[in-house]
């Protein structure tokens, strides 16, 4: 257990990027669904960046706070937006792009965070009182957005990646793939069990996200004349 100052510091540096990442993810789903003719999420008040409209008690409060208390960066999820695919003008295209909108928004937000980080790192004096905390907050924002994007692109039901794959399937292939959802909780439990045993399987899966996040930050800093 960490002391209170450490816990509060973890929350302070992680909370802005965390909330913006998960809220933007769900708002992007809602926005794209509305573009394809389904106003369900919009009518439910989910086409907004207001965290209060998207929070999930476990994913937005309990789990992130638990991570902060145990010296991990805050990570979690927001409440999924309601989607009615029968309202889509083009069902298959709608399923693909509405599903992809969430991870895509995180990739864009992560890239923007890396760009802002590079500007501050190269154009703002380190003597500025908020210099270090701003850099730390933006670094976290870059990483959480890319990790969320890559995690949600994993083609396991009910993650966004699985819905993107299902939009290309038909008949028996689609039935078998969607039926695979029953095994997803078991797979995640196995991954968690392996993590407790020191075998960090998910870390290897998400390693490309961390590599790309680092590459973007170093590249943007270099473009602005900073030392890479």
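The values are calculated or read from the model by the stated rules, or taken from the named source; none is laboratory data. Just so we're clear, the structure is a prediction, and the values are computed from it rather than from any experiment. Virtual Cβ from ideal backbone geometry, glycine too; neighbours counted across all protein chains shown.
I need every pair where a residue in segment 41-59 that is in contact (Cβ under 8 Å) with a residue 40 or more places away in the chain has its Cβ under 9 Å from the Cβ of a residue that is buried (at least 16 other Cβ atoms within 10 Å of the Cβ) and assigned to a loop (DSSP other than H, G, I, E, B), sequence separation at least 6 or different chains.
41/47; 41/81; 41/83
Can you list residue pairs whose Cβ atoms sit under 7 Å apart, with the first residue in segment 1-23 being modelled with pLDDT of 90 or more and the second being surrounded by fewer than 17 Cβ atoms within 10 Å (Cβ to Cβ)? Count only pairs 6 or more apart in sequence or on different chains.
19/51; 23/49; 23/51
Identify all residues within segment 130-144 that are over 12 Å from residue 210 (Cβ atoms) and part of a helix (DSSP H, G or I); write none if there are none.
Those that are over 12 Å from residue 210 (Cβ atoms) and part of a helix (DSSP H, G or I): 131, 132, 133, 134, 135, 136, 137, 138, 140, 141.
Does residue 120 count as touching a residue at least 60 places away in the same chain (Cβ under 8 Å), surrounded by fewer than 22 Cβ atoms within 10 Å (Cβ to Cβ), out of contact with any strand residue (DSSP E or B) (no Cβ under 8 Å at 6 or more places or on another chain) and assigned to a helix (DSSP H, G or I)?
no
Which of the following residues is within 16 Å of residue 97 (Cα to Cα) and either in contact with a helix residue (DSSP H, G or I) (Cβ under 8 Å, 6 or more places away or on another chain) or surrounded by fewer than 15 Cβ atoms within 10 Å (Cβ to Cβ) (or both): 125, 167, 141?
Exactly one residue qualifies, and that residue is 167.
Inspect segment 67-85 for any residue being part of a helix (DSSP H, G or I) and at pLDDT 90 or above and give the result as yes or no.
The answer is yes; a qualifying residue exists.
In segment 81-94, is there at least one residue being in contact (Cβ under 8 Å) with a residue 60 or more places away in the chain, buried (at least 22 other Cβ atoms within 10 Å of the Cβ) and touching a helix residue (DSSP H, G or I) at 6+ places or on another chain (Cβ under 6 Å)?
no
Here is a list: 104, 112. Which entry is without any contact (Cβ under 8 Å) to a residue 24 or more places away in the chain, over 21 Å from residue 10 (Cα atoms) and part of a helix (DSSP H, G or I)?
Exactly one residue qualifies, and that residue is 112.
Listed here are the residues, each with its yes/no results for (1) surrounded by fewer than 16 Cβ atoms within 10 Å (Cβ to Cβ); (2) modelled with pLDDT under 85.
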| residue | (1), (2) |
| --- | --- |
| 150 | no, no |
| 162 | no, no |
| 194 | yes, yes |
| 201 | yes, yes |
| 206 | no, yes |
| 214 | yes, no |
| 220 | no, no |
